[in-house]
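*Asks:* First the structure, then my questions, so here it is.
The values are calculated or read from the model by the stated rules, or taken from the named source; none is laboratory data. No experiment lies behind these values; they were computed from the predicted model shown. A quick note on method: Cβ atoms are made from the backbone with ideal geometry, for glycine too, and the neighbour counts reach across all protein chains shown. Note: accessible area is taken over every heavy atom of the protein model, side chains too, but ligands, DNA and RNA are not part of it. Shrake-Rupley method; radii C 1.70, N 1.55, O 1.52, S 1.80 Å.
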Amino acid sequence: MNIVTKKDFINGSLWKITEQFLTKGVSLLFSIVLTRMISPDAYGLLALTAVFTNLSDILIDGGFGTALIRKKDMDDCDISCVLVVSFSIALFIYVIMFLAAPAISVYYAEPGLTSVLRVIGLIFFIQAFSAVRTAVVNRNMQFKLLFYCNFWGTAIAGIIGIAIAYFGWGVWALVWQRLLQTTISTVLLILKMKIQFTFCFQWKRLKEIFVFSSGVVGASLINYLSSSLYSLVIGKKYSVVDLGYSEKGAQLPTQVSLYTFGAMSSVLLPTLASCQADLPRVRRIVKKVVQMTGYLIAPMMVGLALVSREVIIILFTDIWLPARPVMEANCLYYLATPFMLINVQVYYALGDSRARLKIEWIRMLLQIMGLLVFGIAAKCSIGQLAWVSAVVAVVSAMISFAKVSSMTGYKLREYAKDICLPLTAALLMGCAVFIMEKIVLIRFAEGEVWISLIGKILVGFIIYLFLSILFKIPGFQEIKHILRRDL
């Protein structure tokens, strides 16, 4: 496995971020068009399949993709072993869903759900193949290729989906759009990589991979259950409207944080795995990534919380203003999440997948306690409940770093300094913008949402840039010289 240089890391991150934003942007555009052509009940019918398809994503991948990325001496036999197991799991899940589809349809009182489940389930087999090949692409840092395949897969499938919807096929436009998106992306990947298939299956190889992947899939399942539990409690104990506010309040913080820094964490795994035997180098890479992440994510999340009112009114209309407290709380949640993702990539790169499993158990227990005490017993508002989840995310990120520190020698004192310095600058920026809002904007721009938004962004940017220079924040210095030095 070749050592990944800083230039490779930067190029990979840029292509991964480009893929996330452009692919999601194109997908959103087609979604808006389809929303105007297809009735809400068609979307509702497809949404009922999400619980099965989301769970299948976790089980089919099985953590094997992550295992392949960090394996030192991966070869065609490893890929073949994983492919065989992934296809076997896909077949098992599909047979169960195919047979259970009529009963599921009766349970939801939706006769058309049977055929939808049986057709959408075909995506399992495509996912089995796609997951393995995507892991190989990630391992080789071929993110430009991944962008090309996913972008054109999304674009072509979206156009076909609109054409199908035009002829009045309703929910089938959505079903075929999703199937074709994954299929086209996978076929393009095969053609561009010029993949040659070889069959090889060895239990010894599979056991070696499974020892690592079991921790990954276990952690993913616990995270899935924890997230589902939060939505379940709000939907059951509050109302569907509250659930809608909760989902909408989390939407923008999720997109800003995960589409940017989640993309970078995908690049971080192969980078760290390439030098896993050189712990001082691993420590140095992690430290710099933490510094840059802290420098960028802190002002983004603090800033988004400050302009939450303006953003909601402009994008969603004032009907969605009850989602504002949830959005503000989620800014803290997704301020902590990127650091959690960095820690997880360190676990995986250094071969300790079960470390994340332990963290996810702790996180789920804290989440359950929070829901029981504040959601069910105290009956707090959805905004207050969102703050509980945010605190759980911060605590989980802090706990997860303890293992990173012991594995890499990255001391807690250094870690705190690397995060607290940009966070302090972001909070000072926030205080300045808040004061400006109360003294200037409320007097001269009251009711002018666009003026308020632009004014806050400009003032916040100038102040944060000034504080970056004044405090000599390492993340700022690193970004300035990012093209001139190696990690």
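*Asks:* Could you state, as a whole-number percent, how many of the C-alpha pairs of segment 387-462 are farther apart than 17 Å?
*Replies:* 62 percent
*Asks:* Assuming 0.36 nm per residue, please report the length gained on full extension of the stretch LEU22 to PHE316 beyond their Cα-Cα distance.
*Replies:* Going from the current span to full extension adds 103.7 nm.
*Asks:* Same structure, new question: Could you pull out the chymotrypsin sites (Phe, Trp or Tyr not before Pro) across segment 103-199 that fall in loop regions by DSSP (anything but H, G, I, E, B) with no more than 15 other Cβ atoms inside 10 Å?
*Replies:* TYR108, PHE167, PHE197, PHE199
*Asks:* Along each of its three principal axes, how wide is the spread of alpha-carbon positions in the chain, in whole angstrom units, largest first?
*Replies:* 66, 55, 44
*Asks:* Calculate the radius of gyration of the Cα atoms of segment 101-158 to one decimal place, then report Dmax, the largest Cα-Cα distance, as a whole number, both in Å.
*Replies:* Cα-based Rg and Dmax for segment 101-158 come out at 16.5, 47 Å.
*Asks:* For segment 332-487, rounded, prolate or oblate, judged on the Cα gyration tensor with a ≥ b ≥ c (square roots of eigenvalues), a/c < 1.5 rounded, else prolate if a/b > b/c?
*Replies:* oblate
*Asks:* Given a 1.4 angstrom probe, what's the average accessible area per residue across the chain, in square angstrom?
*Replies:* Result: 48 Å² per residue.
*Asks:* Please report, as a whole percent, how much of the solvent-accessible surface of the chain comes from carbon and sulfur atoms (probe radius 1.4 Å).
*Replies:* 69 percent
*Asks:* With a/c under 1.5 counting as rounded, go ahead and sort segment 373-429 into rounded, prolate or oblate using the C-alpha gyration tensor (a ≥ b ≥ c being the square roots of the eigenvalues; past the cut-off, prolate if a/b is larger than b/c, else oblate).
*Replies:* Since a/c reaches 1.5 but b/c is at least a/b, the shape of segment 373-429 is classed as oblate.
*Asks:* Over segment 260-395, what is the mean sequence separation of C-alpha contacts under 8 Å (at least six apart), divided by residue count, expressed as relative contact order in percent?
*Replies:* 31 percent
*Asks:* Another question, then. With a sphere of radius 14 Å drawn around the Cβ of PHE199, what net charge do the other residues whose Cβ falls strictly inside it have (Lys, Arg +1; Asp, Glu -1)?
*Replies:* Charge balance in the 14 Å sphere: -2.
*Asks:* If I take every Cα pair under 8 Å that is 6 or more residues apart in the chain, average their sequence separation and divide by the length, what percent do I get for the relative contact order?
*Replies:* Relative contact order here is 20 percent.
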